[in-house]
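Let me begin by presenting the structure, written as structure tokens, before commenting on it.
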Amino acid sequence: MGFAVATSRPLRVTVLLLLLAGLLAGPAGAPTAQGGDSLGRDLDTILADPSLAGADVGVVVRAASTGEVLYTRQSDRRRQPASNTKLLTAATALDVLGPGYRFHTGVAGTGRRLGSVLTGDLHLRGGGDPTMLAADYDKLAATVAATGVRVVRGGLIADDTFFDRTRLGLGWAWDDEPYYYSAQTSALTIAPDTDYDAGSVIVRVRPGTPGGPARVEFDPPSGYLRAVNTATTGPAGGAASVTVDREHGDNTFTVSGSIPAGADPAEEYMAVWEPSLLAAAVFRDALAKYGVRVLGGTTAGGTPQQAEVLAGRDSMPLGELLTPFMKLSNNMHGEALVKAAGRAAGADGTWPDGLSALDKALPGLGIDPAAMSTVDGSGLSRMDQVAPDQLSALLLAARGKPWFDRFYASLPVAGVADPMIGGTLRNRMRGTAAEGKVHAKTGSLTGVSALSGYVTAADGTELVFAMVANQTLRSSRPLEDAVAVRLAQYGGAVDPPRRPAVMVADAPGDELECSWTKSC
């Protein structure tokens, strides 16, 4: 776009024309703040921080009761939202699937029963449950044994056909593939702990004798996994330097470095290759524990309709699953919900089908799906594009939904230490006016950071806000916190300037959600 300005005009007129054209940019881009009130001036001060120079930042603040815009700064522009995508996934999944939706995992047998012998195959059928633990497969095995089956002449069939076999999302970073926050999506999967990091294992490295090799173990344990261990045990009191990686295409984990003698174990959460087969391996071990022998091998396949149901398990309802999903920013939960939405709509368990089903709920949440783009349910993709205005519209509309209490309760709470309450905000804004008053979803990737949610202001006013920053070179989290603290101090009609405390982000870092690095 081009324009011409006559050089004979007074300077002030030229500047006015430039401002009207939106072409004078400050450190975070051309401001479009509404009004001259103290809140607007204070937020402008925060966003003028030099660390945002060259970045693309959008912010909007609205009154929750009326939707009135109290502040806006380039909030209509689409940006990569990172894990703020989960706000869209959670709200639309609640609308499409309902808070009572449960994932189902089942065991069925084919062939005839001859006493304690099953002449056909045993099928372990996944329904997309991202919360399945080794203990749950153990209970399924115990139930099978309780039916009287002791020998399966056929094989164990791992059935993950409830979803398609596209394991990784569109636009996900290839170099994140070994790590648990970018695990493979499968309808039959397993998590190592009650953070429910589906499709991953804990690689635990313990010290041995000084000078000798370190010891490596997997949780859950399985012969499906293999370690190549060159890690050593260093002198007591030293620093640990353990590194874990996984070879592409299989489950060989390389462990190197050193761990001090007498030190606590080092743990790395790692994605597995083909999680459905890990789940089947854990289940097979559990069957053996209860005296059930499967004579054939383990393969992947579907379950015939006429198969006899032997055992089953339903997950916690979606309304409860939102807590680990949103508090811990659990990527794999988002992808399971997307694909389950496709199935629930009568289509296939694919990302396109699921997103299409969820998109149909967006108009009821104040969003035109044609004005935004998402290709996954977690925000891992660099192809997701959402504007802060759209996030704020969703947050406002959600307040009128019958499931809002579950949605609101799932959001991280600033400064609350309990990870299942504070979530990814548990170490942020402690000791400030925002502690316990900000309920918001975080989001971060390299060069991307976001914080959107609800604030209870000092005068009791409920506010909705969304802040999304792209093209950042340094962490913008201190500035997000400064914005949220200022909103918590908001006094409504009587709102004096606050001299906002802006903490300059003076070092690169914080590229990922803290829960993804287990650092908060």
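Only Lys, Arg, Asp and Glu carry charge here, each on its Cβ (+1 for the first two, -1 for the last two); on that basis the chain has a dipole of about 360 debye about its Cα centre. Across region 44-57, coupling constants 3J(HN,Hα) worked out from phi with the 6.51/-1.76/1.60 Karplus curve, θ = phi - 60°, read 4, 4, 4, 7, 7, 4, x, 5, 9, 4, x, 7, 10, 10 Hz, and Gly and Pro carry x. Computed on the Cα atoms alone, the convex hull of region 271-373 gives a volume of 176 cubic angstrom per residue. Couplings for region 224-230, taken from phi via the Karplus curve 6.51 cos²θ - 1.76 cosθ + 1.60 with θ = phi - 60°, read 5, 10, 9, 10, 10, 10, 10 Hz in order; Gly and Pro are left as x.
How much length, in nm to one decimal, is gained on full extension between Thr166 and Arg293, taken as 0.36 nm per residue of separation minus their Cα-Cα distance?
Numbers: separation 127, 0.36 × 127 = 45.72 nm, distance 3.18 nm.
Fully extending the segment from Thr166 to Arg293 adds 42.5 nm.
Evaluated at 37 °C with a viscosity of 0.692 mPa s, what Stokes-Einstein diffusion coefficient in µm²/s does region 241-329 have when Rh comes from the Kirkwood expression over alpha-carbon pairs? Answer, rounded: 186 µm²/s.
Give the Rg/Rh ratio for region 89-239, taking Rg as the radius of gyration of the Cα atoms and Rh as the Kirkwood radius, to two decimals.
Rounded to two decimals, Rg over Rh is 1.07.
Overall, the ratio between the Cα radius of gyration of region 368-488 and 2.2 N^0.38 Å, rounded to two decimals, is 1.05. Here the convex hull built on the C-alpha positions of region 171-267 has a volume of 112 cubic angstrom per residue. For region 386-482, carbon and sulfur atoms together expose 54% of the accessible surface, with a 1.4 angstrom probe and every protein chain in place. Dimensions of the chain based on its C-alpha atoms, expressed as ranges along the principal axes with the largest first, amount to 97, 59, 46 Å. Among beta bridges from DSSP that stay inside the chain, the antiparallel ones total about 80%. Backbone amide hydrogens, once placed in the peptide plane, bring Ala311 within less than 5 Å of Val107, excluding anything fewer than 5 places away on its chain. In the structure shown, do any of Lys339/Lys401; Lys139/Lys327; Lys441/Lys518; Lys360/Lys401; Lys339/Lys437; Lys401/Lys518 have a Cα-Cα gap over 26 Å, and if so which? With Cα atoms farther than 26 Å apart: Lys139/Lys327; Lys339/Lys437; Lys401/Lys518. Residue-normalised convex hull volume from the C-alpha trace of region 319-427: 111 Å³ per residue. Of the peptides 462-468, 189-195, the order by per-residue mean of other Cβ atoms within 10 Å, starting with the highest, comes out as 462-468, 189-195.
Calculate the tail of P(r) for region 140-207: the fraction of all Cα-Cα distances greater than 20 Å, expressed in %.
Here the long-distance tail beyond 20 Å is 52 percent of all Cα pairs in region 140-207.
For region 362-375, 3J(HN,Hα) computed residue by residue from phi via the Karplus equation (6.51, -1.76, 1.60; θ = phi - 60°) reads 5, x, x, 10, x, 10, 8, x, 6, 9, 9, 8, 9, 10 Hz, glycine and proline entered as x. Residues whose amide H lies under 5 Å from that of Leu70, counting only those 5 or more places away or on a different chain, are Val61, Arg62, Ala63; hydrogens are built 1.01 Å from N in the peptide plane.
When the P(r) is computed for region 441-495, the part past 12 Å accounts for 64% of the Cα-Cα pairs.
The values are calculated or read from the model by the stated rules, or taken from the named source; none is laboratory data. Remember, predicted model here, so these are calculated numbers, not experimental data. For neighbour counting, all protein chains shown are included, and Cβ atoms are generated from backbone atoms with ideal geometry for every residue, glycine included. Only protein heavy atoms, including side chains, enter the accessible area calculation; ligands, DNA and RNA are left aside. Shrake-Rupley method; radii C 1.70, N 1.55, O 1.52, S 1.80 Å.
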